[in-house]
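Peer 1: Below is a structure I'd like to ask you about.
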């Protein structure tokens, strides 16, 4: 029997396993991942931004963990030779109505302990010569990183410290047996004293398997991207963001320079027709019926139908997508953009139709479940992992320490 079994080989699951091994050297730990390699879903499909925490409600886990996580992540990358750069970003107001929102972001950034700076249009042009706006915030702590590289480095550290890594192992059922948890998988049965669920897009289902009634359901949102063609990458020096809609958890279409040199543009956010539906044509009838049968989804849609309609229109019209980008960089044209890989955000939706705004971690009798860990979870992966590991160790109590587990 293992001391801990972690379900999910994304960056949060791997960070949690690493934190458990640091907390309890010699403990028996196994990481179960259904894909054949690490970071295949949310971790491997994001834009690679190290978030500063400027957007998040003061005192929230997102604000705290993104601030702590950014510095811890940079230190980890330096130690393991993972590509990163702290390049800063600008958040640009392009209309007068956005100026109060920009001021609110400035105050929030200061409250969250960041070195945010107000700049005018001339200073903006010095940083981003092709950007346009009335005013902006400069956020120097923001950066870019290779998150897949981070995940691989985490997996390597887990292996070196004696943890077991089981890619290609799909969890099919979970049940409590005696003093532990029995996990049925596509590659046999595993037993552990404590289960940690970091299953991302399927975290609510794993929680339900474990006998924990989720307080929210995962609704997938597909984020669609373009890339600037190589000859037009010079239009963007770093990261250029719009002022976000405070009523919506997405940051709006923006420009992101990536560590390998490309520049992404996006994403817009539309309902995913499958939890792992990265293409517009990907449809899972069972998963779609589950979303459409969830009353909270319709309450969300009723409150945000106009915003949602705009996102769908931009998904269907490249011209509309480009017009959104031109608010930030007017010189961008349709011919400058080529389609890029989409991502899917696992967003928890509460029964009252409101989106869960913070990280959500709940506990079962012998389990800990990470039920909402969208952006900035990758940035915050190290403190999230430490936090989850602490809660798992408290739940396990003295049973979890000092024993080398074996497969049962």
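Values in this text are rule-based calculations from the coordinates and carry no lab data. What you are looking at is a predicted structure, and each value in this text was computed from that prediction instead of being measured. Counting neighbours? That spans all protein chains shown, and the Cβs are built from the backbone with ideal geometry, glycine included.
Peer 1: When ranked by the protection proxy of mean other Cβ atoms within 10 Å per residue, highest first, what sequence do the peptides 357-364, 149-156, 230-237, 282-289 form?
Peer 2: 149-156, 357-364, 230-237, 282-289
Peer 1: Using Cα centres only, tell me the gap between the range 277-299 and the range 24-38 in whole Å.
Peer 2: What the calculation gives is 30 Å, centre to centre.
Peer 1: Would you work out if the range 89-140 is rounded, prolate or oblate? Take a ≥ b ≥ c from the square roots of the eigenvalues of the alpha-carbon gyration tensor; rounded if a/c is under 1.5, else prolate when a/b is larger than b/c, oblate otherwise. Please list the in-between numbers first.
Peer 2: Values: a/c = 2.85, a/b = 1.34, b/c = 2.14.
The shape class here is oblate.
Peer 1: A follow-up question, please. Compute a Gaussian network model of the chain, connecting alpha carbons closer than 10 Å, and tell me which residue from 129, 374, 244 fluctuates the most.
Peer 2: Highest fluctuation of the listed residues: 129.
Peer 1: Here is a further query. Just grab the label-to-label distance for residue 312 and residue 352, each label 7 Å out from Cα along the Cβ direction, in nm (one decimal).
Peer 2: Once both label points are built, they end up 2.7 nm from each other.
Peer 1: Between residue 103 and residue 289, what is the FRET efficiency for a Förster distance of 41 Å, r being their Cβ-Cβ separation, to the nearest 0.05?
Peer 2: Taking R0 as 41 Å, the efficiency between residue 103 and residue 289 is 0.40.
Peer 1: Expressed as a rounded percentage, what relative contact order does the chain have, with Cα pairs under 8 Å and six or more residues apart?
Peer 2: Normalised by residue count, the contact order of the chain is 27 percent.
Peer 1: Take every DSSP beta bridge whose two residues both sit in the chain, then give the antiparallel share in percent to the nearest 5.
Peer 2: Approximately 75 percent, going by the DSSP bridge assignments.
Peer 1: Just round it to a whole percent: the fraction of Cα-Cα distances in the chain exceeding 27 Å. List each step's numbers first, then the result.
Peer 2: On the way: 41692 of 83028 pairs.
More than 27 Å apart: 50 percent of the Cα pairs in the chain.
Peer 1: Can I ask one more? For the range 174-304, compute Rg over Rh where Rg is the Cα radius of gyration and Rh is the Kirkwood radius from the inverse mean 1/r over Cα pairs.
Peer 2: Answer for the range 174-304: 1.09.
Peer 1: Once both labels are modelled 7 Å past Cα along the beta-carbon direction, what's the residue 234-residue 179 spacing in nm?
Peer 2: It is 6.9 nm.
Peer 1: Which of 47, 37, 210 moves most in a GNM of the chain, Cα contacts under 10 Å?
Peer 2: Of 47, 37, 210, the Gaussian network model singles out 37 as fluctuating most.
Peer 1: Please rank 71, 317, 203, fewest neighbouring Cβ atoms within 10 Å first, as an exposure proxy.
Peer 2: Ordered by Cβ neighbours within 10 Å, fewest first: 317, 71, 203.
Peer 1: Compare 101, 20, 328 in a GNM of the chain, Cα atoms joined below 10 Å, and give the one with the largest fluctuation.
Peer 2: 101
Peer 1: Please report, to two decimal places, log10 I(q)/I(0) for the range 1-117 at q = 0.10, 0.11, 0.22 Å⁻¹ as given by the Debye formula with identical point scatterers on the Cα atoms and no solvent.
Peer 2: -0.44, -0.52, -1.30
Peer 1: Quick check: residue separation of residue 186 and residue 208 times 0.36 nm, minus the Cα distance between them. What number comes out in nm?
Peer 2: Stretched out fully, the residue 186 to residue 208 stretch lengthens by 6.1 nm.
Peer 1: Along the Cα→Cβ direction, 7 angstrom out, place labels at residue 71 and residue 160. What is the inter-label distance in nm?
Peer 2: Calculated label separation equals 2.4 nm.
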